[in-house]
Each structure stands twice: as C-alpha cells, then as structure tokens.
Amino acid sequence: MDEPTTPRTAVVTGAARGIGAALARRLGAAGLQVAVLDLDAEAGEPVVSELRDAGVRALSLGADVSDEDAVAAAVARCADELGPPTVLVNNAGIIRDNLLFRMSTGDWDAVMGVHLRGAFLMTRACQAFMVQERWGRIVSVSSISAQGNHGQANYSAAKAGLEGMTRTLALELGPFGVTANAIAPGYIETDMIRQTAERVGEPYDQFVARIAEGVPVRRMGRPDDIAAAVEYFVGDDAGFVTGQTLVVAGGLTSA
Ligand SMILES: NC(=O)c1ccc[n+]([C@@H]2O[C@H](COP(=O)([O-])OP(=O)(O)OC[C@H]3O[C@@H](n4cnc5c(N)ncnc54)[C@H](O)[C@@H]3O)[C@@H](O)[C@H]2O)c1
C-alpha cells in the first residue's frame, strides 16, 4: 500500500520502561507518532519528553489495560490528540510467579487480567480505527514461557493465550488490511528479570551470567532486540505476514 500522507499513530502499552520504552523510541525513530501508555501518565512522561526532544509527536496516557473504561478513554484520547491508533503493541505485563500449589487465585487473576484481558480490551478498542482506515498492525509481546516454565502456570497460560488470540485476529482482521503477530522474547534485561533473580534468590549479576551461559548466542537479550522485530512487523513490507509468533531469544526455544 502507499505510504500515508500523515504519520501513523502507534499505541505501546507498558511503555514507561523496559521493552515498552525501547519500542516507543524505535517506532518514533521510524517516523510514527507514539502514545506511551502505562499505569500512570506521570511514569510515561520521561519517555514522552525524550520522544518530543527527538521531534516525535508523543502523548503519555495513564490506564490500567485490564480496566475497560480506562482503556476506552485512553484510546479515544489518543485518537483525538494524535490520530487514529492503527498500530498497537500489546506489551504491558507483570509476573506473579509461584509453583502451582502456592499460587493464589489473586496471582492467577492479576496475570490473566493484564496480559490477556488487557490485550483483548486494547485490541478491541483499537481495531475499530484500523478497520476504518483499512490498514492496521497489531503486535503482542508473548514469551518463550508460553511453552511452559516452572513457577509460571499463570504467565505461560496467558502468553499461550495471547498467541492463540493472535492467530484468530489474523483471520478476522486480515480482510481489512490488518495484520496481527506476536513476538516471543527470551531473557531480556529489564526490571522484570530483576524480579525473577530476586525470586530465585540469586544476585542479579550472577543470575544474568548464568542465564547468558545457557543461551546459544551467549548473551541476555536487550529491549532493542525486541524493538527491531516489532519495527519489522509494523512496517508496510510485512503486510503478507500475519498470525505468526516470532521467537527472539538468542536461540532458546523455551525457558
Ligand atoms: N524481560 C523479559 O525477559 C521478558 C521476556 C519475555 C517476555 N517479556 C514480556 O515483555 C513485556 C514487557 O516486559 P518488561 O520486561 O519490559 O517488563 P517491565 O516490568 O520492565 O515493564 C512492564 C511495564 O508494564 C507496565 N504495566 C504493568 N501492568 C500494567 C497495566 N495493568 N496497565 C498498563 N501498564 C502496565 C508497568 O508499569 C511497566 O512499565 C511483558 O509483556 C513481558 O511479559 C519480557
């Protein structure tokens, strides 16, 4: 399809830090306008300032992705103040790890709520604009933990669910020029990995070195490794690629 005359608008959830912040920077550098959505708008402001300093039109949106009304309000504000959100990256995530027999119902619900319900609500709200524009890109951040991982019954179920939802979105939205894909990162150095190191009771540097040793390319991933893959999926050149999960994990296939 022809390049748009006005820049496209991307919404990146969980973009105040970690992988999401790298995605926001990368999409901004690629010429998109970027809505930085996170739990509170203040947390996203440093990323928004950085984007604006780089000449990118950006907006900070505060919303819990699992809250239907908050999602509707945030997506409407994005459309009013930046433009129709035709690129959505479902990246917001949390972990509440525990072995199954110790996992509380609250731990299960919280993880399902953010990853799965959150991606559903965000996608349902944004697809209306994509269908109207007859163009859209949805990318959901899954994990190699979707294949199963100790202590992550909730998280692996949510991520596997995201991959299944992605395949259905590809079928339903393909006729409208909208693609849906997922990325399954391996171990990426962010606050989430610090939490994992704490859970297993290992000093962070030691944990990172041990993990890197087991990765075929012998290093941890960086947020920008994921951003590069997202940039590919949201580009015009990827219009024939949909319903896929790309593993970006340095050669690992499971956790
Ligand atoms: N770091 C890794 O090794 C790794 C590996 C595989 C997948 N992932 C996935 O990548 C994504 C980003 O992870 P990260 O490592 O950058 O984590 P992170 O903890 O550094 O950042 C997550 C961001 O999501 C936000 N967030 C959490 N709950 C939210 C909610 N309900 N509504 C809106 N925002 C919310 C947080 O405030 C935070 O800014 C997650 O989906 C995670 O599951 C991470």
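Coordinate-derived values only; no laboratory data. Model, not experiment: these values are computed from the prediction. Neighbour counts run over all protein chains shown; Cβ positions are idealised from the backbone, glycine included.
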Calculate how steeply helix 204-214 sits against the longest principal axis of the alpha-carbon atoms of the chain, using the helix alpha-carbon long axis, and give the answer as 0 to 90 degrees to the nearest 10. 90
Taking 0.36 nm per residue of sequence separation and subtracting the Cα-Cα distance, how much length would be gained by fully extending the chain between Glu68 and Thr105, in nm to one decimal? 11.2 nm
Of Gly235, Gly118, Gly136, the one that fluctuates the most in a GNM where the chain has Cα springs shorter than 10 Å: Gly235
Residues Leu99, Leu61, sorted so that the one with the fewest Cβ neighbours within 10 Å comes first: Leu99, Leu61
Report, in debye and to the nearest 20, how large the dipole of region 80-216 comes out about its Cα centre when Lys and Arg carry +1 and Asp and Glu carry -1 on their Cβ. 380
Report the residues of region 169-209 in range of a label on Ser254: point 7 Å along Cα→C-beta, backbone N strictly under 20 Å from it. 183-188
Convex hull per residue volume in Å³, alpha carbons only, for region 51-140: 114
Taking the Cα-to-Cβ direction at Thr168 and at Ala128 and moving 7 Å from each Cα, how far apart do the two end points lie in nm? 2.0
Which order do Asp64, Asp109, Asp53 fall in if you start with the one that has the fewest other Cβ atoms within 10 Å? Asp53, Asp109, Asp64
Given charges of +1 on the Cβ of Lys and Arg and -1 on the Cβ of Asp and Glu, with all other atoms neutral, how large is the dipole of the chain about its Cα centre, in debye to the nearest 20? 560
Across 5 Å bins beginning at 0, the whole-percent shares of Cα-Cα pair distances in region 2-121 come to 2, 13, 21, 23, 16, 10, 7, 4, 2, 1, 0
As a footprinting exposure proxy, order Ser104, Ser60, Ser254 by other Cβ within 10 Å, with the fewest listed first. Ser104, Ser254, Ser60
Modelling each spin label as a point 7 Å along the Cα-to-Cβ direction, I'd like the Phe240/Arg77 distance in nm, to one decimal. 4.1
Hey, if you put +1 on the Cβ of every Lys and Arg and -1 on every Asp and Glu Cβ in region 1-105, which of Ala70, Ala54, Ala43 ends up farthest toward the positive end of that dipole? Ala54
Of the residues Pro203, Pro85, Pro185, which exhibits the maximal mean-square fluctuation in a Gaussian network model of the chain defined by a 10 Å Cα contact cut-off? Pro203
Principal-axis tilt of helix 223-234 within the chain, Cα atoms, nearest 10 degrees: 40
Counting other Cβ atoms within 10 Å of each Cβ, which trypsin sites (Lys or Arg not before Pro) in region 153-255 have at most 11 and sit in a DSSP loop? Arg218
If N is the number of residues in region 104-255, what value comes out of its Cα radius of gyration divided by 2.2 N^0.38 Å? 1.11
For the residue pair Glu42 and Tyr204, what label-to-label distance in nm results when each label sits 7 Å from Cα along the Cα-to-beta-carbon direction? 2.3
Can you list the residues, at least 5 places off or on another chain, whose amide H is less than 5 Å from the amide H of Thr245, using H built in the peptide plane? Ala182
